[in-house]
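A quick write-up on the structure given underneath.
The values are calculated or read from the model by the stated rules, or taken from the named source; none is laboratory data. Treat the numbers as computed from the prediction; the structure is a model and nothing was measured. Quick reminder, even Gly has a Cβ in these numbers, built from the backbone with ideal geometry, and neighbours come from all protein chains shown. Ligands, DNA and RNA are stripped out before the accessible areas are found, and what is left, the full protein with its side chains, is counted by its heavy atoms. Shrake-Rupley method; radii C 1.70, N 1.55, O 1.52, S 1.80 Å.
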Amino acid sequence: MHSKVLIIGSGPAGYTAAIYAARAMLSPTLVQGLQPGGQLTITTDVENYPGYGDVIQGPWLMEQMETQAKNVGTNIINDMIKSVDFENRPFTAVSENGDTYTADSIIISTGAQARWLGLDSEQKFQGYGVSACATCDGFFFKDREVVVVGGGNSAVEEALFLTSFASKVHLVHRRDTLRAEKILQDRLLNHAKINCIWNNQLDEIYGEDSPPNVQGVKLKSTLDGSITDLKVDGVFIAIGHDPATQIFKGKVEMDDEGYIITKPDSTVTSVEGVYAAGDVKDKTFRQAVTAAGMGCMAALEAEKYISGLE
Ligand code: NAP
């Protein structure tokens, strides 16, 4: 199957790239991947995606993006790309179903995944008081008590951000030294609303089952294993993200953490004709709206590249 533009990944970046490429008459193919719709399909309320006066649901928003991409002429395929060849032209991508896709240009929008602790209770309350994104969900915890887990830049930034809403923010870290930059540490340690709990791991999240609702957490000391109880209404896990770039290793330039490197103010990667958009190249903003913006940029850049070829 040959396309002028092959889009790999189906989050806001991928669908937006598809909408723009389709409207440029490039008849793009989009291969969705394992979790069609991406990270927004595991959230509930979305209030920060512009264009909607009322609260919308993450899965619904992604369905709408898929429908829009399809309606303007994207060939959407429910499959998973497992290997790519960027050395020969046209580019090729082979899927789990055994299909081979060839393309003049490729847009990588495979996203990233928040790391989770792996607790059953964490999964049970995900979207119902447990979140991996304070920017997305902090607003729902106005005058409530919350806990943030982690000791890196993300955890400290999330804790500081949450002080605008929450009455109290507890930061739980498994050691007694933060990994975050010194300036962020200073802000955290001097903030009246933040309480740091050192040498502890989150052991369990508990609450009501129906409707799901977090009421507190059990913390386990990493020094002596003792358990303590903390009453909170929300839990923010901020222990890092992993970009979904495994299949592109050695094929495009990446940083030490596996994020794809693009030229400044652009989605151009180290391979001419290959573009990267969204969380797969962004560890700073990680928002649906910024990913969508980058998807638009990637399609416009791919269009320019293809018209050059023609
Ligand atoms: P990170 O730097 O890898 O930090 C992850 C934190 O989570 C660490 O403190 C780690 O503990 C803890 N952790 C990991 N697994 C855990 C587990 N299973 N249980 C409990 N704690 C666990 O991740 P990040 O904060 O998301 O940052 C990722 C990258 O993005 C970094 O390069 C960061 O500088 C960058 N970033 C930059 C900014 C900014 O410049 N404003 C903002 C956000 C992120 P240990 O310390 O014990 O390992």
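Observations on the structure shown:
- Subset tally (residues that are assigned to a helix (DSSP H, G or I) and either β-branched (Val, Ile, Thr) or within 21 Å of Thr228 (Cα to Cα) (or both)) for the stretch 157-189: 2
- Members of the stretch 29-60 that are part of a helix (DSSP H, G or I) and crowded, with 20+ Cβ neighbours inside 10 Å: Gly38, Gln39, Leu40, Gly58
- Filter result for Ala180 (modelled with pLDDT under 95, under 30 Å from Pro50 (Cα atoms), open to solvent by less than 20 Å² (accessible area, probe 1.4 Å) and within 14 Å of the ligand (Cβ to nearest atom)): no
- Unmet criterion (only one of (1) surrounded by 16 or more Cβ atoms within 10 Å (Cβ to Cβ); (2) within 17 Å of Leu34 (Cα to Cα)) for Ala69: (2)
- Conditions (1) over 27 Å from the mean Cα position of the chain (by Cα); (2) more than 13 Å from the ligand (Cβ to nearest atom); (3) more than 25 Å from Gln287 (Cβ to Cβ): number failed by Lys193: (3)
- Residues within the stretch 214-233 that are open to solvent by less than 70 Å² (accessible area, probe 1.4 Å) and touching a residue at least 40 places away in the same chain (Cβ under 8 Å), tallied: 7
- Just so you know, in the stretch 166-182 the residues that are of a type in the set (D, E, K, R) and either out of contact with any Phe, Trp or Tyr (no Cβ under 8 Å at 6 or more places or on another chain) or free of Cβ contacts under 8 Å to residues at least 40 places away in the same chain (or both) include one that is farthest from Ile205 (Cα to Cα), and it is Lys182.
- Close pairs (6 angstrom Cβ cut-off, 6 or more residues apart or separate chains): over 17 Å from His241 (Cβ atoms) and in contact (Cβ under 8 Å) with a residue 60 or more places away in the chain in the stretch 145-165, open to solvent by 30 Å² or more (accessible area, probe 1.4 Å) and of a type in the set (Lys, Arg) anywhere: Glu145/Lys168
- Restricting the stretch 134-164 to residues that are polar (S, T, N, Q) and more than 14 Å from the ligand (Cβ to nearest atom) leaves a set whose member that is most open to solvent (accessible area, probe 1.4 Å) is Ser164.
- Scanning the stretch 210-222 for residues that are more than 13 Å from Gly127 (Cα to Cα) and out of contact with any strand residue (DSSP E or B) (no Cβ under 9 Å at 6 or more places or on another chain) yields one hit, Ser210.
- Looking only at residues of the stretch 272-290 that are within 16 Å of the ligand (Cβ to nearest atom) and open to solvent by less than 30 Å² (accessible area, probe 1.4 Å), we find that the one that is nearest to the chain's Cα centre (by Cα) is Asp279.
- Looking at Ser95, Ser131, Ser109, just one residue is within 16 Å of the ligand (Cβ to nearest atom) and in contact (Cβ under 8 Å) with a residue 40 or more places away in the chain, and that residue is Ser131.
- Residue count for the stretch 110-147 under the criterion of being of a type in the set (D, E, K, R) and within 14 Å of the chain's Cα centre (by Cα): the result is 2.
- The set of residues in the stretch 234-260 that are without any contact (Cβ under 8 Å) to a residue 24 or more places away in the chain, open to solvent by 60 Å² or more (accessible area, probe 1.4 Å) and within 14 Å of the ligand (Cβ to nearest atom) contains only Asp256.
- Checking Ser167 against (1) of a type outside the set (A, V, I, L, M, F, W, C); (2) within 12 Å of the ligand (Cβ to nearest atom); (3) within 20 Å of Val130 (Cβ to Cβ), the condition it does not meet: (2)
- Residues that are farther than 14 Å from Gly127 by Cα and either without any contact (Cβ under 8 Å) to a residue 40 or more places away in the chain or of a type in the set (Asp, Glu) (or both) within the stretch 31-54 comprise Gln35, Gly37, Gly51, Tyr52, Gly53, Asp54, listed in sequence order.
- Filtered residues of the stretch 109-125 (kept if closer than 23 Å to Asn153 by Cβ, open to solvent by less than 40 Å² (accessible area, probe 1.4 Å) and not in a loop (DSSP other than H, G, I, E, B)): Ala112, Ala114, Glu122
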